[in-house]
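Here the structure comes first, spelled out in structure tokens, and everything after it is commentary.
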């Protein structure tokens, strides 16, 4: 598949983000911090950026979508929309790991680990090894209570976070970058041969956290 035009979607957190990328360059983006509103605004954002970028749906070559970890509802909404759009226009999907996309966006710093807020007292944690300017996954994301994960992290190594301010008070020099469709699309371009799903209809979000985590029976 030749690189050309991607529709990118990021809904793994409270941020709803949509972008159009042409040959790895973001030509249009619309995003907002809109908790509990993804289902309503995602179709509107997609319609707006397609119109504003003078791109017709039949010009799009693939959809890059944040696959997780992250919000159960947010990931489900983003992937469901991506599947519907893909089926309607016969497009492949690139399921892009959420935290890896953020790490890639911090390429100048090359963080070796990251934390990402999940819910309640829980955060996700993942390590990376950089190869040819790509943050390769050293392990699958894990989820634990924030206090427990922070005990295991060596903060002498470069670390990024998303929405973990309440957990990292007192820690210095922690990198910050918000989830964005621009990052999802950019990493999708780089890893296109590895990620592409020509028949993506059985794809499921990488939820990581079971629904009932933290609840007693």
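The values are calculated or read from the model by the stated rules, or taken from the named source; none is laboratory data. All figures in this text were calculated on a predicted structure; none of them were measured in a lab. Glycine also receives a Cβ, built like all others from the backbone with ideal geometry; neighbour counts cover every protein chain displayed.
Do we have residue 54 as in a loop (DSSP other than H, G, I, E, B), free of Cβ contacts under 8 Å to residues at least 60 places away in the same chain and over 20 Å from residue 163 (Cβ atoms) here?
In short, yes.
Looking at residue 165 and the list (1) outside the structural domain of residue 80 (by TED's automatic domain parsing); (2) in contact with a strand residue (DSSP E or B) (Cβ under 7 Å, 6 or more places away or on another chain), which single condition is not satisfied?
(2)
Given the conditions (1) within 25 Å of residue 35 (Cβ to Cβ); (2) touching a residue at least 60 places away in the same chain (Cβ under 8 Å); (3) exposed (fewer than 13 other Cβ atoms within 10 Å of the Cβ), report the number of the one that residue 147 does not fulfil.
(2)
Can you name the number of the only condition in (1) in contact (Cβ under 8 Å) with a residue 40 or more places away in the chain; (2) touching a helix residue (DSSP H, G or I) at 6+ places or on another chain (Cβ under 9 Å) that residue 126 fails?
Single failed check for residue 126: (1).
Of the residues in the range 71-90, how many are outside any helix (DSSP H, G or I) and without any contact (Cβ under 8 Å) to a residue 60 or more places away in the chain?
1
Any chance you could count how many residues in the range 11-33 are buried (at least 24 other Cβ atoms within 10 Å of the Cβ) and in a strand (DSSP E or B)?
6
Checking residue 59 against (1) under 19 Å from residue 94 (Cβ atoms); (2) surrounded by 17 or more Cβ atoms within 10 Å (Cβ to Cβ); (3) in contact with a strand residue (DSSP E or B) (Cβ under 8 Å, 6 or more places away or on another chain), which test does it fail?
So residue 59 meets the others, but not (2).
Go through the range 186-195 residue by residue and tally those that are in contact with a helix residue (DSSP H, G or I) (Cβ under 9 Å, 6 or more places away or on another chain) and more than 18 Å from residue 114 (Cβ to Cβ).
Total satisfying the criteria: 2.
Residue 42: outside the structural domain of residue 114 (by TED's automatic domain parsing), surrounded by fewer than 24 Cβ atoms within 10 Å (Cβ to Cβ), at pLDDT 95 or above and touching a helix residue (DSSP H, G or I) at 6+ places or on another chain (Cβ under 9 Å), yes or no?
Answer is yes for this residue.
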